[in-house]
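Report on the structure given below.
Bear in mind that the values in this text are calculations on the coordinates, not laboratory data. Note that the structure is a prediction, hence the values are computed from the model and not measured. Counting neighbours? That spans all protein chains shown, and the Cβs are built from the backbone with ideal geometry, glycine included.
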Amino acid sequence: MGIQRKTYTDCQGCSLCLLPCPMWQQHRDVMFSPQGLAKATQSGATADDLQEQAASCIQCGACDVMCPENIALSSWLEELSEVIGSALNEVTKEPKLNGFVISCDPLVQQSIHVDDFYIIDAAPFHADYQRRVEHYTSLRIKTGCSMNLDLNRMAIPTGIGSEAAKQEKFNVKKQYQWLIQGREFSRVIVENHDDIKVLRELTDKPVVCIAELLESLDVRGEHAAG
Ligand code: SF4
Ligand code: SF4
């Protein structure tokens, strides 16, 4: 039923996967991109040759959505790397009451304001792209808040919790700085609770998790049961 995904041999070198790739953003070296890794492998490079690059992938899944050849890039990179661990696998363990589900709640939506900066959890967003991009586009229009969506409507990831960040192959702080620089906001709302700690070190504005917004509605009795 699902569309058959291709593999690195089908890479035509169009470079589109570089645009949303945070690994490329940080290194500015095509070898730290799906294209570079695919082309190197086509030319005979082995997994051993590419360990450093493959291990810098944070498994955000943006390249999977962007690739016009429909190559399953993040799972291929996961296979390539010995250390990667999979953020995308975490998606299958996403709790039932996750950021996406909570953000569908009309009362939660009413508590999101025009001067909020809303950080979508990137890996689950890309793994369920068609449905979620529609939802967040409508949420953004409805609330007027800003979001970590780029011009291609990919969610810019923070990298928190990725194996690459744990192994210090991806600089999470640099990624947050890039996310917030030049933005005007009076509050940050995150879907991934783990984002809070680092963000609080980088901004004096309040940082809250969307689950806490839901809880605060329940505490105030605004959230009608059933
Ligand atoms: S999964 Fe994310 S970090 Fe990894 S190659 Fe794709 S876009 Fe880059
Ligand atoms: S987007 Fe796909 S086809 Fe284009 S360079 Fe990247 S991996 Fe290759």
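Here r is the Cβ-Cβ distance between Lys205 and Asp150 and R0 is 22 Å; the resulting FRET efficiency, rounded to 0.05, is 0.55.
Remark: region 8-89 carries a charge dipole of roughly 280 debye about the Cα centre, counting +1 on each Lys and Arg Cβ and -1 on each Asp and Glu Cβ. Most simply put, region 114-226 has about 10% antiparallel DSSP beta bridges, counting only bridges with both residues inside it. Run the helix sum for the chain: -39,500 (n - 2.57) per DSSP H stretch of 4+ residues, divided by residue count, reported at 222 nm to the nearest 500 deg cm²/dmol. Counting only the DSSP helices, I get -11000 deg cm²/dmol. Apply the Debye scattering formula to region 8-89, with a single equal point scatterer on each alpha-carbon and no solvent, then give log10 I(q)/I(0) at q = 0.18, 0.26 Å⁻¹. Result of the Debye calculation: -0.63, -1.46. Going from the residue with the fewest nearby Cβ atoms within 10 Å to the one with the most, Phe170, Phe100 rank Phe100, Phe170. Mean-square fluctuations from a GNM of the chain, with a 10 angstrom spring cutoff on Cα atoms, peak among Glu201, Glu215, Glu163 at Glu201. Packing around the peptides 129-139, 202-212, taken as the average count of other Cβ atoms within 10 Å per residue, puts them in this order, highest first: 202-212, 129-139. Database remark: amide H of Tyr118 closer than 5 angstrom to the amide H of Ser146, Met147, Asn148, Ile189 (H placed geometrically; neighbours at sequence offset of 5 or more, or on other chains; Pro and chain starts carry no H).
Packing, as the average of other Cβ atoms within 10 Å across residues, places the peptides 174-187, 114-127 in the order 114-127, 174-187, highest first.
The per residue volume of the convex hull around the alpha-carbon atoms of the chain is 130 Å³. About its Cα centre, the dipole of the chain is roughly 440 debye, where the only charges are +1 on Lys and Arg Cβ and -1 on Asp and Glu Cβ.
Annotation: region 89-161 has a Kirkwood hydrodynamic radius of 12.7 angstrom, from the mean reciprocal C-alpha pair distance. Fewest neighbouring Cβ atoms within 10 Å first, the residues Ile141, Ile71 line up as Ile141, Ile71.
The phi-based Karplus calculation (6.51 cos²θ - 1.76 cosθ + 1.60; θ = phi - 60°) puts the 3J(HN,Hα) values of region 124-138 at x, 4, 6, 6, 10, 4, 4, 5, 6, 5, 5, 4, 6, 4, 5 Hz, whole numbers, x for Gly and Pro. From least to most packed, judged by other beta carbons within 10 angstrom and beginning with the fewest, Cys11, Cys104 follow the order Cys104, Cys11. Less than 5 angstrom separates the built amide H of Lys6 from those of Ile71, Ala72, all sequence-distant by 5 or more or on a different chain. Taking 19 Å as the cut-off, the amide N atoms of region 103-142 that come nearer than this to a point 7 Å along the Cα-to-beta-carbon line of Arg5 belong to 121-133.
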